[in-house]
Amino acid sequence: MSKSCKGLAMELVKCLSESDCVKVEKRSVRECAGEKSPCIPSECVGLRETYFNCKRGQVCSILLICHVCYLDEDF
């Protein structure tokens, strides 16, 4: 995992670990991360969105670099 998103991932795990989804419903953090359950605090939902956007940005950057490299090979 890239360092730029690692802090967000750790905050998300911490937030979800303290949520009712994990504590009361006894579900894993991974299960709760994908849920749109009312037992997940809005803070965790915001962190999840921010983390996913961070990861999406990394993928887009990689695809852009690969595309540029591919175009360079044609010349």
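Beta carbons closer than 8 Å, at least 6 apart along the sequence or on distinct chains, pair a first residue in the stretch 46-60 that is among the aliphatic types (A, V, I, L, M) and assigned to a helix (DSSP H, G or I) with a second that is modelled with pLDDT of 90 or more and open to solvent by 30 Å² or more (accessible area, probe 1.4 Å) for 47/8; 47/11. Of all residues in the stretch 1-41, exactly one satisfies the criterion of being free of Cβ contacts under 8 Å to residues at least 40 places away in the same chain, in contact with a helix residue (DSSP H, G or I) (Cβ under 8 Å, 6 or more places away or on another chain), of a type in the set (Gly, Ala, Ser) and loosely packed, with under 13 Cβ neighbours inside 10 Å, namely 28.
The values are calculated or read from the model by the stated rules, or taken from the named source; none is laboratory data. The structure displayed is predicted, hence computed values, not measured ones. Cβ atoms come from the backbone with ideal geometry, glycine included; neighbour counts cover every protein chain shown. Quick note on the areas: whole protein, heavy atoms, side chains included, nothing else; ligands and nucleic acids left out. Shrake-Rupley method; radii C 1.70, N 1.55, O 1.52, S 1.80 Å.
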